[in-house]
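A short worksheet on the structure shown next.
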Amino acid sequence: MSETFLLGNGVVVAGFSASCIVKPQVIPGGAVVWRGERVLAVGLESDLRRAYPGARFLDARGGLILPGLINLHHHFYSALARGLDPGARLRTFTEVLDRLWWRLDRALDPETLRLSALLSVADCIRWGCTTVFDHHASPSCIAGSLDVIADVVDASGLSAVLCYEVTDRNGHDQARAGIEENLRFIRQQSGHPRIRGVFGLHASFTLRDTTLAEVAERRPGQAGCHIHAAEDPLDVEASRRAFGLGPVERLERFGLLDDRCLLAHGIHLETTDYASIANHGAVLVHNPESNANNGVGHLDAVNAAKQGCLVGIGTDGMSSAMLRALRAAFLTHRARRTDPGAGFEVLPELLFNNARVARRFFDEPLLGELAPGAPADVIVVDAPAPTPVGPENLFGHLVYGASEAPVRHTIARGRVLLEDYCHRTLDPVEAAARARELTPPLWKRFGEMNCGTNFLGE
């Protein structure tokens with residue numbers, strides 16, 4: 001029999017929805033009990049201690065006990081870019097891609113790929129993210145690259161949806177190799193309880209019609225696509241110049257726009273694009289910190305939601321801190337609207353929407369909730385509330401308190417990954433030391449990579 005755990009001495013938040021229809025259950029003095037991978041009970045700690053007298057106790061020390069967080073758009077491979085000098089000032093989004101990310105991904109080898117994944121996974125655990133959607137690229141080692149990442153994720157205890165970025169920017173042979181890597185991995189992982197595959201696509205302006213047609217023809221049913229869409233006007237303008245259609249129109253034309261299509265960014269979409277996304281049940285993923293860092297603009301998540309779109313949130317490789325990304329989305333929205341009362345109508349739903357989306361890829365109807373039978377994905381944010389916490393003010397506590405606080409405990413599928421701030425399934429200090437050994441040769445290869453990668457529409 002698996003050991004029974006009781007996590008208490010905190011405020012339990014059983015879910016994130018802040019809508020008028022579905023209010024989250026908030027239990028001061030609450031606790032969560034689990035055994036194996038499943039939650040057994042959620043309620044008052046005093047009641048659960050009597051019901052489970054032999055359970056091992058984990059102390060929240062007054063913090064917020066939340067469902068594990070979900071990140072809908074990450075880039076693990078960016079971990080070793082911290083402090084990297086691209087050699088010139090980057091003035092446009094084209095230069096950010098061409099002189100930084102497209103050189104870095106070509107410089108990756110299997111070992112730096114593995115370490116990037118390990119460091120990113122460690123950060124996910126440290127910030128309470130138990131399910132992550134990663135978008136990967138390593139043109140110099142495509143075949144088997146998703147297995148390297150999956151092995152790291154599996155050993156860590158997290159759940160993930162992985163993909164390889166198909167693109168024609170390095171030639172059609174590499175695009176075909178990316179297609180094969182996605183197909184192999186999707187089929188291989190179809191029965192895995194925690195790690196699944198989806199079809200990765202870079203962005204419309206780097207994908208030929210023949211490539212999209214092959215993806216549409218060969219992808220398994222319900223596999224879904226994960227793609228960058230209208231992150232910068234470049235994607236829209238180059239796509240229209242080369243193909244006569246915008247990014248969303250092309251996906252719709254090839255039958256790739258469906259309820260398992262994740263469109264990261266979506267900043268420069270048109271009203272008709274919102275309608276198409278909503279009609280097909282596709283998902284827009286807001287990445288506020290990355291958008292600000294790249295100077296590409298800001299997705300008006302409130303407007304997109306009013307157009308009927310389901311909007312979630314991700315980090316785009318900037319970090320793994322989902323509550324901080326939520327705070328960034330909220331503050332940026334208010335700043336752009338010049339309205340100190342804006343944002344409460346939609347933005348509190350972003351974390352809830354992430355759970356709704358993740359359930360589409362896993363056989364887990366209660367993923368992202370704390371309820372009997374749900375996956376035991378539980379975190380404790382060390383933010384003891386100085387004022388009462390209830391459904392009506394939960395979002396305020398998350399944005400103005402929890403988003404700046406460290407995570408004390410992270411439990412994924414019942415496995416304690418972080419206990420009192422200490423990792424239990426991996427050693428991030430050892431990983432960082434090894435990464436510092438491999439970073440200089442990686443950066444040397446980066447420096448030797450040519451800029452000026454050709455992309456379509458130019």
Whole angstrom only: what separates the Cα centroid of the range 29-96 from the Cα centroid of the range 365-428? 5
I'd like to verify something in the chain: which complete DSSP H helices, judged by Cα projection on the helix axis, reach 18 Å or more and average at least 0.5 on the Kyte-Doolittle scale? 110-126
For each of Tyr421, Tyr164, Tyr52, count neighbouring Cβ atoms within 10 Å of the residue's Cβ, then give the residues from fewest to most. Tyr421, Tyr52, Tyr164
For the chain, what proportion of DSSP beta bridges, expressed in % and rounded to the nearest 5, is antiparallel? 45
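Find how much the distance from Ala335 to Asn279 grows on full extension, using 0.36 nm per residue of separation minus their present alpha carbon separation; answer in nm with one decimal. Working shown, then result.
On the way: separation 56, 0.36 × 56 = 20.16 nm, distance 3.02 nm.
Net length gain for the segment: 17.1 nm.
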Where a ≥ b ≥ c are root eigenvalues of the Cα gyration tensor, a/c under 1.5 meaning rounded, otherwise prolate if a/b exceeds b/c and oblate otherwise, the range 69-359 counts as rounded
Helix-only [θ]222 nm of the chain, DSSP H runs n ≥ 4, -39500 (n - 2.57) each, per residue, nearest 500: -11000 deg cm²/dmol
Let me check against my output: what whole-number percent is the relative contact order of the chain, with C-alpha pairs under 8 Å and at least 6 apart? 23
Fewest to most Cβ atoms within 10 Å: Cys261, Cys451, Cys422 sort as Cys422, Cys451, Cys261
Inter-centroid distance (Cα atoms) of the range 211-254 relative to the range 324-339, Å: 29
Using Cα pairs under 8 angstrom and six or more residues apart, how large is the relative contact order of the range 307-367, in percent? 33
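Every number in this text was worked out from the coordinates using simple rules, so none of it is lab data. These figures come from a predicted structure and were not determined experimentally. Quick reminder, even Gly has a Cβ in these numbers, built from the backbone with ideal geometry, and neighbours come from all protein chains shown.
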